Amino acid sequence: MGATILRRRWSALGIATVALAATLVGCAPTETVEIDVPAQVEGGFPADTQSQLDAALAEAMAATGSSGAIVGVWAPWSGSWVAGVGTQSPSSSQEVTSDMEFRAARVTRAMTCDVLYALVEKEVVALSDKVSDYVGGASGLEDVTLGQLCDSSSGLGASAPSLWNDWLKTPNREWPPLELAAYGMGRERTTDPGDAFVDSDAGYFLLGLALETATATSLPDLVEQYVTEPLALDSTWLPGPEPATPSGDSDTPSLRGNNSLPGEDGQLLCADPLDITTLSASIGYADSGAVSTITDLGRYAQALATGALLADDQTRFDSPRAVYPGASTWYTYDGGAFTAGGLIGQHGAIPGYLTAAYADPDTGLTVAVVLNNSAAPAGLAANLAWELAAIASKAPAAAGETAPAAGLPWTAEQQAETIRGAAVCPLPQP
């Protein structure tokens, strides 16, 4: 077994043994899964399109206080752009490169749901199974199912708002998943299970624990077995709880993670952020603990959007719920992923990083991006991805290709305006 695999192991001690489930899970998929998207043309975007993409990324970096970013934009009919931009910190001269590993944040949620649906297909678990059947200490959740945890429709609240400052102060602390989940479980439930989308990292902490118990297998191993190996994502993995950089290797540069803190006047110290590159991935676990590279993240977004890992009869995205009351009909959530105007993907934050990855299953348009400062609202990663998608969606077709007719229900300028309005660091004057 190679060193790359060895570094991903997370001890499964303490996980209950379920003999039949363990036997079933042992039958791992071995063939690389094909992703059904249009073939990507070679080469970059036309100069005008590229100029717009550059400007959009630069403004988002300034708005979030990010000194560095890694971006991938793929429009199969026109061109692609994969690049590392900026430096590791405002005071660093080390340039960011496109092959650096980083924390994928809430894209992990979709991967945890991938594992759930794979185990449903193997009849190890069912979407209707109660979480209390698998997770000791989950009292009061007898009416919550595994499927609802994946859909974020359990009614449970979020833990991160109560814990974010603690994570920044003690990034090396190793957190038990159930302790993390308890903060969200302790919030008053405002909806009944199955009724509505409620953003809940606590639900994914519980789902990860349930899948481990049902299979007597660690979640990192399950993600490797059912997600990263079938999709040939060689640089994507779920680390163990030991404090480490994203790459887990001091000789392999990771994208530095930063978080600007308030100064004495209350304004963020955008020029002198806290270095949060080394931390325990237990902070994210099944919700946001995964590590990836930009090319892996783009490929994963395409696999998620096209249902490449799903059996033909599975209905993961067939019961979309509004992301918030009054949300546009094009913005919904189901199966551990957002659907936004035909794009399917995820976005979010983990200390040090804002990350988003979205793809269109029909056109193959794909955007993946990471910003290296987590002080801004997590939704700005999505706004940037959607802005880049809007720009790329209008890119002219290369010779012999045909641009898709369908567009997106927003403009690049609308997303840019949202980013400017939520900026936490000074923007350059026009």
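Remarks
- Number of the condition not met by Glu142 [criteria: (1) assigned to a helix (DSSP H, G or I); (2) surrounded by fewer than 17 Cβ atoms within 10 Å (Cβ to Cβ)]: (1)
- Subset of region 86-119 (residues that are closer than 16 Å to Asn373 by Cβ, in contact (Cβ under 8 Å) with a residue 60 or more places away in the chain and hydroxyl-bearing (Ser, Thr, Tyr)): Ser89, Ser91, Ser92
- Every residue from region 94-116 that is of a type outside the set (Asp, Glu) and surrounded by fewer than 22 Cβ atoms within 10 Å (Cβ to Cβ): Gln94, Thr97, Ser98
- Qualifying residue in region 381-394 (condition: closer than 23 Å to Pro171 by Cβ and either within 22 Å of the chain's Cα centre (by Cα) or buried (at least 24 other Cβ atoms within 10 Å of the Cβ) (or both)): yes
Every residue, every condition in (1) surrounded by fewer than 24 Cβ atoms within 10 Å (Cβ to Cβ); (2) of a type in the set (A, V, I, L, M), yes or no:
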{"position": "Arg256", "(1), (2)": "no, no"}
{"position": "Ser282", "(1), (2)": "yes, no"}
{"position": "Ser288", "(1), (2)": "no, no"}
{"position": "Ala308", "(1), (2)": "yes, yes"}
{"position": "Ala311", "(1), (2)": "yes, yes"}
{"position": "Ala322", "(1), (2)": "yes, yes"}
{"position": "Tyr331", "(1), (2)": "yes, no"}
{"position": "Gly348", "(1), (2)": "no, no"}
{"position": "Tyr353", "(1), (2)": "no, no"}
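- Number of the exception - Leu149 against (1) within 17 Å of Tyr285 (Cβ to Cβ); (2) aliphatic (A, V, I, L, M); (3) over 20 Å from the mean Cα position of the chain (by Cα); (4) buried (at least 17 other Cβ atoms within 10 Å of the Cβ): (3)
- Residues of region 218-246 satisfying the condition of being out of contact with any helix residue (DSSP H, G or I) (no Cβ under 8 Å at 6 or more places or on another chain) and within 24 Å of Trp164 (Cβ to Cβ): Pro220, Glu242, Pro243, Thr245, Pro246
- Asp195 within 18 Å of Ala110 (Cα to Cα), touching a residue at least 40 places away in the same chain (Cβ under 8 Å) and surrounded by fewer than 24 Cβ atoms within 10 Å (Cβ to Cβ): no
- Every condition in (1) free of Cβ contacts under 8 Å to residues at least 24 places away in the same chain; (2) crowded, with 20+ Cβ neighbours inside 10 Å is met by Gly266 except one, and the failing one is (2).
- Among the numbered conditions (1) part of a loop (DSSP other than H, G, I, E, B); (2) of a type outside the set (A, V, I, L, M, F, W, C); (3) touching a strand residue (DSSP E or B) at 6+ places or on another chain (Cβ under 6 Å), the only one that Thr329 does not meet is (3).
- Gly186 being within 16 Å of Asp133 (Cβ to Cβ) and either of a type outside the set (Phe, Trp, Tyr) or buried (at least 24 other Cβ atoms within 10 Å of the Cβ) (or both): no
- Filter result for Ala105 (under 18 Å from the mean Cα position of the chain (by Cα) and on the phi > 0 side of the Ramachandran plot): yes
- Matching entry among Ala210, Ala181 (being more than 18 Å from the chain's Cα centre (by Cα) and closer than 15 Å to Cys113 by Cα): Ala210
- Look at region 384-406: where a residue is without any contact (Cβ under 8 Å) to a residue 40 or more places away in the chain and a partner is surrounded by fewer than 21 Cβ atoms within 10 Å (Cβ to Cβ) and polar (S, T, N, Q), sitting 6+ places away or on another chain with Cβ atoms under 9 Å, you get Ala390/Thr411; Ala390/Gln414.
- Qualifying residue in region 58-72 (condition: more than 19 Å from the chain's Cα centre (by Cα), crowded, with 22+ Cβ neighbours inside 10 Å and either modelled with pLDDT under 95 or part of a strand (DSSP E or B) (or both)): no
- Enumeration of residues in region 145-162 that are aliphatic (A, V, I, L, M), assigned to a helix (DSSP H, G or I) and either touching a Ser or Thr at 6+ places or on another chain (Cβ under 8 Å) or under 18 Å from Val120 (Cα atoms) (or both): Leu146, Leu149
- When Ser154, Ser159 are checked against the criterion of being more than 30 Å from Asp275 (Cα to Cα) and either surrounded by 22 or more Cβ atoms within 10 Å (Cβ to Cβ) or not hydrophobic (A, V, I, L, M, F, W, C) (or both), Ser154 stands alone in meeting it.
- In region 73-88, of all residues being surrounded by fewer than 23 Cβ atoms within 10 Å (Cβ to Cβ) and among the hydroxyl-bearing types (Ser, Thr, Tyr), the one that is nearest to Pro253 (Cα to Cα) corresponds to Thr87.
- Among the residues of region 80-127, the ones that are assigned to a loop (DSSP other than H, G, I, E, B) and touching a helix residue (DSSP H, G or I) at 6+ places or on another chain (Cβ under 9 Å) come to 12 in all.
- Here is the figure for region 126-143: residues that are β-branched (Val, Ile, Thr) and over 17 Å from Pro193 (Cβ atoms) total 0.
- Tally of residues being part of a helix (DSSP H, G or I) and in contact (Cβ under 8 Å) with a residue 24 or more places away in the chain across region 164-181: 7
The values are calculated or read from the model by the stated rules, or taken from the named source; none is laboratory data. Remember, it's a predicted structure, so these values are computed and weren't measured experimentally. Cβ: placed from backbone, ideal geometry, glycine included. Neighbour counts: every protein chain shown.
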